[in-house]
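Asker: Here it is, the structure in full.
The values are calculated or read from the model by the stated rules, or taken from the named source; none is laboratory data. Small disclaimer: the values here were computed from a predicted structure and weren't measured. Cβ atoms come from the backbone with ideal geometry, glycine included; neighbour counts cover every protein chain shown.
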Protein chains: 2
Amino acid sequence: MHCELRTMTDSVKAGPPGIGQTTLADVAALAGVSTSAVSRTFTPGASVAKKTRALVLDAAKNLGYRPNAIARTLSTRKSRIIGVVVSYLHNQFYPTVIERLSQLLQAHGYHVLLFINSDTSSSDEEMDALLPDILQYQVDGIVLASTMMSSKLATHCRSVGIPVVLFNRVAPVKEASTVTSDNYEGGRLAAQILLERGARRIGFISGLEDSSTTQDRERGFLDELTRHHKRLFARISGEYDFTLARAATCEIFHRSKRPDALFVANDHMAFAVIDALRIDCGLDVPKDVQVVGFDNVPQAAWGGYQLTTIEQDSEQMARATVAILLKHIESGIAVPQRVVTPVRAIMRATTLSI
Amino acid sequence: MHCELRTMTDSVKAGPPGIGQTTLADVAALAGVSTSAVSRTFTPGASVAKKTRALVLDAAKNLGYRPNAIARTLSTRKSRIIGVVVSYLHNQFYPTVIERLSQLLQAHGYHVLLFINSDTSSSDEEMDALLPDILQYQVDGIVLASTMMSSKLATHCRSVGIPVVLFNRVAPVKEASTVTSDNYEGGRLAAQILLERGARRIGFISGLEDSSTTQDRERGFLDELTRHHKRLFARISGEYDFTLARAATCEIFHRSKRPDALFVANDHMAFAVIDALRIDCGLDVPKDVQVVGFDNVPQAAWGGYQLTTIEQDSEQMARATVAILLKHIESGIAVPQRVVTPVRAIMRATTLSI
DNA sequence: ATGAAAGCGCTAACAT
DNA sequence: ATGTTAGCGCTTTCAT
């Protein structure tokens, strides 16, 4: 007998009151088949007779049936949810990435659960507090695009068997995959650009000192300077923050001997640096001071700045991230990968033309 | 007897292999109590003896137990997930809002499932296709911050009994709550600013024609002009798009008689408009043309633009949204609310000083 | 191809 | 205060 425990009363009136979603059982009852038949109908590669399928589909439509992803998750242990952790969204690079990530994931039937980890000076404890939160949702994978993060985090995730991709940062953890651009090469390019244009007193505005991005960019930058027998003239940290970068710039330029060129660890700070130069110091960019940024966020192309910068290919980085994630999830095997996407110089108006 | 069906083998080795999360039952077994005792221990307002609680907590820690939010959701019918739908993240207003929304929600134990609905000319069909996706996850509430949306959508959500907040847009649906700023008043303010500064030939660059924001802003703007016996000199649509706005501006300024002031429906387009004016048309802002934007996104304060604009208080809007959502969710009652937050003029350098 | 039944991990009466 | 026992909605053997 198809005597369901659950009455169909609330499902039948699929209208306004709406409480009590219609379930598989409701559909099965209406179609006069078993719940498994209904389940199979909604499972891509299952064997269902055409007739049964039609019956089910019809009943489902009449009832306005919507599969419950939560119940499915409990059963299959696949949530089709990817946790994405970011620190803040002020720097347009991240919104851009999130947008692409979300689109690509959506196209594969996955969705993004967003975690913002923006407490200032977010340290290991911070991050560790977020972990239980994100793990509770049984996410199928995690993208860590947070500026800082606990090394424990990645380790722990892996121990739970969840694929993790470190986005735009590497960590002293061998267990997680990473996707970064070629920050070292980008730093070298920045140096070359400035050197070629006759810069003599070259400064560097760093990002967060602990971040791998700022470290790699600086290494590449310094190595290239050294190769040309040049030394860094000034260095100060902007901590990837707009306000701090502006203040830092003012500080440097209030000294007696000033830089005539600046490599700024990311575009977001570069805008602040240019503002400081032009407004606070009354200097001309690029005549008095040349500036090179990093990222090529949309605003770098805006008329108000026209920033020469090193482009990170966010599109390619997002694709790589999704590819790694899906491969790990679908194959079950988790060989940590390290993808490094190429960078390229985008010449605009904050550097002199040759 | 505490004879669990499930062996504890995989839970005990809580290390690397990590498959087979430890469950409530595992903890109960180790602690020598029932599963309900464990459940209660992890439920804020439950009655558990101190001793039992300690026992459970201890066992849980030893096993590295993490509650499974999915299972809890299935049982309680509360996912503590809020679906947030946005069209795109190019306009910094949205990242700013998402960040705040996410933080506030996180503080209340809720999380954001992000949906990007960025297919160009996203119409009703678009939006309707997203709905099943989002509903499947049994979200407790929905924030619709998408530029366009099907009126069916809001209606449907309500029919399912899910609280919906229309963010920064109103719709011809009475069932959903809305949170907007006072767009009409903002439009009036913009007109006043321009009028006070002697603008004679005033133009308007609109956003998406179907959006309530652009409509309300324009109405307020026009009403105020009328009140001063002034007429609109030019009008063209920028569809809230950077590139289109730039092109639209060029088009207007290639005509023989040019505007001497422009109200642009949002900041994002205003930046493009200023670029067009300065770069493509060789005009001075504000001397030749004054410009007023809308939103007060972070970049409006940047030195490269220093845009005079009408501020939408994203913080307050986010707070209102979360308040409405939580109230509906927690009380179960769903009286649609309409919150309108005040706007204010931010005077900067794209308008003349008086 | 289909159905019966046993879970997935947790919560919530209900009983004690 | 604690344990027992039904589910929550779906998937998945295992029979048939």
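Asker: Near DNA strand C (Cβ under 9 Å from one of its atoms) and away from chain B (no Cβ under 14 Å), is that true of A:VAL33?
Answerer: So A:VAL33 fits the description; yes.
Asker: Oh, and also: Within the range B:312-354, how many residues are part of a loop (DSSP other than H, G, I, E, B) and basic (Lys, Arg)? Write out each step before concluding.
Answerer: Taking the range B:312-354 first, the residues part of a loop (DSSP other than H, G, I, E, B) are B:313, B:332-337, B:342, B:347-354.
Subsequent filtering for residues that are basic (Lys, Arg) retains B:348.
Here the count works out to 1.
Asker: Any residue in the range A:58-77 that's on the phi > 0 side of the Ramachandran plot: show its pairings with residues that are of a type in the set (A, V, I, L, M) and more than 8 Å from DNA strand D (Cβ to nearest atom) at Cβ separation under 7 Å, as long as the two are six or more apart or on different chains.
Answerer: Pairs that qualify, where the first residue is on the phi > 0 side of the Ramachandran plot and the partner is of a type in the set (A, V, I, L, M) and more than 8 Å from DNA strand D (Cβ to nearest atom), are A:GLY64/A:ALA14.
Asker: Evaluate the range B:117-137: report whether one residue or more is at pLDDT 95 or above and either within 10 Å of chain A (Cβ to nearest Cβ) or buried (at least 22 other Cβ atoms within 10 Å of the Cβ) (or both).
Answerer: Yes, the range B:117-137 contains a residue that is at pLDDT 95 or above and either within 10 Å of chain A (Cβ to nearest Cβ) or buried (at least 22 other Cβ atoms within 10 Å of the Cβ) (or both).
Asker: With respect to B:PRO67, determine if the residue is more than 8 Å from DNA strand D (Cβ to nearest atom), farther than 20 Å from A:GLY161 by Cβ and either modelled with pLDDT of 95 or more or under 40 Å from the mean Cα position of the chain (by Cα) (or both).
Answerer: no
Asker: Now for a separate question. Of all residues in the range B:71-87, which are hydroxyl-bearing (Ser, Thr, Tyr) and more than 8 Å from chain A (Cβ to nearest Cβ)?
Answerer: Scanning the range B:71-87 gives B:SER75, B:THR76, B:SER87.
Asker: Scanning for something more than 27 Å from B:LYS78 (Cα to Cα), of a type in the set (A, V, I, L, M) and within 11 Å of chain B (Cβ to nearest Cβ), does the range A:41-54 turn up at least one residue?
Answerer: The answer is no, given that none of the residues of the range A:41-54 is more than 27 Å from B:LYS78 (Cα to Cα), of a type in the set (A, V, I, L, M) and within 11 Å of chain B (Cβ to nearest Cβ).
Asker: Give A:LEU194, A:LEU222, A:LEU208 a once-over and let me know the one that is within 26 Å of A:ASP313 (Cα to Cα) and crowded, with 24+ Cβ neighbours inside 10 Å.
Answerer: Details: A:LEU222 fails: crowded, with 24+ Cβ neighbours inside 10 Å; A:LEU208 fails: crowded, with 24+ Cβ neighbours inside 10 Å.
Going through A:LEU194, A:LEU222, A:LEU208 in turn, just one is within 26 Å of A:ASP313 (Cα to Cα) and crowded, with 24+ Cβ neighbours inside 10 Å: A:LEU194.
Asker: Filter the range B:43-64 down to the residues that are under 14 Å from B:LEU24 (Cβ atoms), within 38 Å of the chain's Cα centre (by Cα) and within 13 Å of DNA strand D (Cβ to nearest atom) and list them by number.
Answerer: B:THR43, B:ALA46
Asker: May I pose another question? Being at pLDDT below 85, out of contact with any helix residue (DSSP H, G or I) (no Cβ under 9 Å at 6 or more places or on another chain) and within 11 Å of DNA strand D (Cβ to nearest atom) is the requirement here; does A:THR76 meet it?
Answerer: Taking the combined requirement at face value, the residue does not satisfy it.
Asker: Let me ask something else about it. What are the residues in the range A:271-299 that are in contact (Cβ under 8 Å) with a residue 60 or more places away in the chain and not in a loop (DSSP other than H, G, I, E, B), if any?
Answerer: Within the range A:271-299, A:VAL273, A:ILE274, A:GLN290, A:VAL291, A:VAL292, A:PHE294, A:ASP295, A:PRO298, A:GLN299 meet the criteria.
Asker: Quick check: is even one residue across the range A:288-303 among the aromatic types (Phe, Trp, Tyr), at pLDDT 95 or above and surrounded by fewer than 24 Cβ atoms within 10 Å (Cβ to Cβ)?
Answerer: Checked the range A:288-303: at least one residue is among the aromatic types (Phe, Trp, Tyr), at pLDDT 95 or above and surrounded by fewer than 24 Cβ atoms within 10 Å (Cβ to Cβ).
Asker: Anything in the range B:58-70 that is facing chain A (nearest Cβ under 8 Å) and assigned to a loop (DSSP other than H, G, I, E, B)? List them, or say none.
Answerer: Step one: list which residues in the range B:58-70 are facing chain A (nearest Cβ under 8 Å), which gives B:66-70.
Within the range B:58-70, B:ARG66, B:PRO67, B:ASN68 qualify.
Asker: Now for a different question. Do the conditions hold for A:PHE233, that is, is it in contact with a Cys (Cβ under 8 Å, 6 or more places away or on another chain) and either surrounded by 24 or more Cβ atoms within 10 Å (Cβ to Cβ) or not small (Gly, Ala, Ser) (or both)?
Answerer: Criteria not met by A:PHE233.
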